[in-house]
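Structure, as C-alpha cells:
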Amino acid sequence: MAVMIEGLEVCKQFGGLAAVNRVSFQVHQGEIFGLIGPNGAGKTTLFRCITGVYPPTSGKIVFQGKDITKLMPHNTCVLGITNTHQVVKPFSDMTVLDNVRVGAFFGRGWARGEVKDATQEAKRVLEFTGLAPRANFLARNLTLPDRKRLELARALATRPELLLLDEVVAGLNPTETDMMIRHIRQLRDNGITIFMVEHVMRAVLGVSDRVMVLNFGEKIAEGTPKQVSTNPQVIEAYLGKSYAVTESAEG
Amino acid sequence: MPAKEVLRSWKTWVSLAGLIFLLWIPFSGIGGGYLQTLGFLTFLYVILSTAWNILGGYTGQISFGHASFYGLGAYTTSILALRGVSALMTMPIAGAVASLYGLVWGYPCLRLRGQYFAIATIGVGEATRLLMLNMDDLIKNNDLLKGFLQEGVLTGGATGLMLPTPPDIHAYALGFYYGAMGLMFAALFISWWVKRSKFGLGLFAINMDIDAAETMGVNTVYYKNLALMLSAFMVGIGGSIYAQYIFYIDPQTVFGFPMSIAMVLMPTIGGIGTLAGPILGAVVYIVVQDRILTANLELGALKLSLSTLHLLIYGGLLVLIVLFEPKGLLGLQKRLAKWWEKRGIEGARAKRVS
C-alpha cells in the first residue's frame, strides 16, 4: 500500500521536556490509523507537529513524498492535511454554514466559480454530517455533540486527503459515538485516510486498521488492534489489567 | 430583495430622503455654513471609523495606533503640496505611504495577539508622533537626508505645516464637501464588499478563532497584514483630505493619541464589526464633540467648560458600552426591537386569554 504520511524520528522538545521523542510512523493510503496513550503521552503534540502548529525540534515528516516538516498549518491544509480540535473551536458568532464555508473557501481552493462551488460543498458536508437543519444557527448556540460534528464538517469542507481526528467522540453518549464512528468509516470508504487520537477504546479499537501507542512521548507499540490490546507493555502503561481480563473473556 | 419590496420598505425612503438632505445642505444656508462643515467632518470621520472597523471590527485586531496613518496621510499631502505637486494628486500617494507604513509595523506587531497587539500599537502611535515632531532636527545634519529639507523644513516640528489657501474658499469647501461624501460612499462600499467576500470571511474567521482559521487554510499572517494595509490606506486618504481642507497640520493634532482613540471609539459606540455601526458611531461622535467643546456647565457658582472634560466623557462612555452593550448602539437597537416584539406577542396573548 502507498504511504500517505511518514514520520521519521520526530522529536518535539518544550524546554527540557521531550513531549514527542523520536517517534517514527507510517500511515498508509486509505487506512484508519489509531493513536492511543495515557494523558500527556504526546498524542496531540504529534498532531500539531504534523499540521505545523509546532514545528518538530528534529526529525522529518513526509506527506505524499513531500517534506512538510517546516510548513505552516495553512500550507499543510492546502496540501490536504487537516485536523479537528480536541477542545472544539467553533467560530462562535458565525452561522454553522459560514463556519463550514471558511473551510470550503480556504482549504484546497477552487479553480473557478469559487463562491458557488464553496457554498455547495459546504452544504454537501453539512448534509453528510447531519448538521443541515442547523445551517443558519449561530455556532455558539450548538450543543456539544453538534459542535463536534461542526469540527468534523469544517475539516471535511477543506477536502482533505489525510484527516487528523483529535478525540472526536470524547464527551458523546453511546448513540452519538456510534454515529460518529459510522461517519468515520464512510469517510474512509470515500478515500480519505484517517489518523485518529482517541481515548474511547471501544471506538478506536473497533474502527482502526492499525494502532500506535505512545507513552511519555515514546512509541511503545504498533500493530492491529488485537495485537496492541494484548501487548503487556500497553496494558501496563495504559489499558490497565482489568481491560485485559474483560477483553480475553469476550474474545 | 425583489424591486417591489425595496420600494415598499421604509428604509429605502428614509435613506433616500437622508441622501437628498445631505446633498441639499450646502445650498440651504442653515447655520451659515456651520452645518456644511459639520457634514464634512462627519463624512471624514465615517471614512476613518469604517477603515478602522475593517481591522478592529472584522479582523478583531484592536489598533490604538491608527493616528500614525492619519498623520502620515496628512503630512505626505502637505509636504508634497508645498513642493509643488497638485494636492489632489497626492491623495493616492498619501494612502500608499500610510499603507506601506502599516506593513512596516504591522508585520512584526501582528504576530502579537489580542491585548498585546493593542499595547504594541499604542507604542507605535506615540513613537511615530515623536519621530515626526523631531524629524527636522534629526535629519538636518545628515548629508544624505538633508536634501529633503525645504528652507530647513520637512515636517516643521511642533509648529507644523501651513498650506496656501485657495482664492475662492467657498467653492473649494463646497468641492470638498461633495468629494468627502463621495469618498465616504466609496469607503462604505469597500467595507460592504469586504464583509461579503472571501477575504472578509477569512478576516471574521481570524477574529473568532485564529488557530482554527489557520488549520482551515487561512493564511492568517497574510490576511491580517492585508486588512491592516487596506485600513491604513483608507485612513491615509482621510488624513490627506483633512490637511487639504484645514490648511494647517501639526503633530499633536494628526498624530495625537486622541485621534487614535477617536477611531477606536466611533465603531465601538455604533457597533463593532458591522457595516452601519461605524456610520452611527461617527455621527454620534461628531455631534457630541461639537456640542461638548462649546458647552459650559453652570452649577451655581461653579462654572465648568466641558471642553476640558470631553476625553473624560468619552472614557466613561467607552466603559459603559463595553460593560453593558458590547455591540454598541446597533446591539442596543436589536435588543429593544426584540423586547418590543416580545411585548407585542405577550399583549396579543393576554388579549386572547381575557
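The values are calculated or read from the model by the stated rules, or taken from the named source; none is laboratory data. Just so it is clear, the model here is predicted, and its values are computed rather than measured. Please note: Cβ atoms are built from the backbone with ideal geometry, for glycine as well, and neighbour counts cover all protein chains shown.
A few comments on the model shown:
- Counted residues, segment A:55-94 - those being surrounded by fewer than 23 Cβ atoms within 10 Å (Cβ to Cβ), touching a strand residue (DSSP E or B) at 6+ places or on another chain (Cβ under 6 Å) and farther than 16 Å from B:Met216 by Cα: 8
- Qualifying residues in segment A:153-173 (those that are charged (D, E, K, R) and within 11 Å of another protein chain (Cβ to nearest Cβ)) - the one farthest from A:Val78 (Cα to Cα): A:Asp166
- Wholly within segment B:239-339, helices (runs of 4 or more DSSP H) carrying at least 2 residues that are aliphatic (A, V, I, L, M), surrounded by fewer than 20 Cβ atoms within 10 Å (Cβ to Cβ) and without any contact (Cβ under 8 Å) to a residue 40 or more places away in the chain: B:277-294, B:310-324
- Among the residues of segment A:38-77, the ones that are in a loop (DSSP other than H, G, I, E, B) and either more than 12 Å from every other protein chain (Cβ to nearest Cβ) or under 15 Å from A:Ala19 (Cβ atoms) (or both) come to 15 in all.
- Qualifying residue in segment B:63-86 (condition: in contact (Cβ under 8 Å) with a residue 24 or more places away in the chain, outside any helix (DSSP H, G or I) and farther than 23 Å from B:Leu161 by Cα): yes
- Verdict on B:Asp211 being farther than 23 Å from B:Thr308 by Cα and acidic (Asp, Glu): yes
Residue by residue, here is whether (1) more than 14 Å from every other protein chain (Cβ to nearest Cβ); (2) within 30 Å of A:Leu79 (Cα to Cα); (3) among the small types (Gly, Ala, Ser) holds:
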| site | (1), (2), (3) |
| --- | --- |
| B:Leu174 | yes, no, no |
| B:Gly179 | yes, no, yes |
| B:Val221 | no, yes, no |
| B:Ala227 | yes, yes, yes |
| B:Val235 | yes, no, no |
| B:Phe247 | yes, no, no |
| B:Met263 | yes, no, no |
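- If the condition is being more than 7 Å from chain B (Cβ to nearest Cβ) and in a helix (DSSP H, G or I), then segment A:78-97 contributes A:Leu79, A:Val96, A:Leu97.
Quick grid of which residues meet (1) aliphatic (A, V, I, L, M); (2) out of contact with any strand residue (DSSP E or B) (no Cβ under 6 Å at 6 or more places or on another chain); (3) buried (at least 24 other Cβ atoms within 10 Å of the Cβ):
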residue	(1), (2), (3)
B:Gly32	no, yes, no
B:Leu38	yes, yes, no
B:Phe43	no, yes, yes
B:Leu88	yes, yes, no
B:Gly114	no, yes, no
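- Only residues that are within 8 Å of chain B (Cβ to nearest Cβ), surrounded by 19 or more Cβ atoms within 10 Å (Cβ to Cβ) and assigned to a helix (DSSP H, G or I) were counted across segment A:98-117, and they come to 6.
- Check on A:Arg202, surrounded by fewer than 22 Cβ atoms within 10 Å (Cβ to Cβ), on the phi < 0 side of the Ramachandran plot, in the same structural domain as A:Leu17 (by TED's automatic domain parsing) and modelled with pLDDT of 85 or more: no
- Of the candidates A:Ala139, A:Ala157, the single residue that is small (Gly, Ala, Ser) and either within 16 Å of the chain's Cα centre (by Cα) or not assigned by TED's automatic domain parsing to the domain that holds A:Val96 (or both) is A:Ala157.
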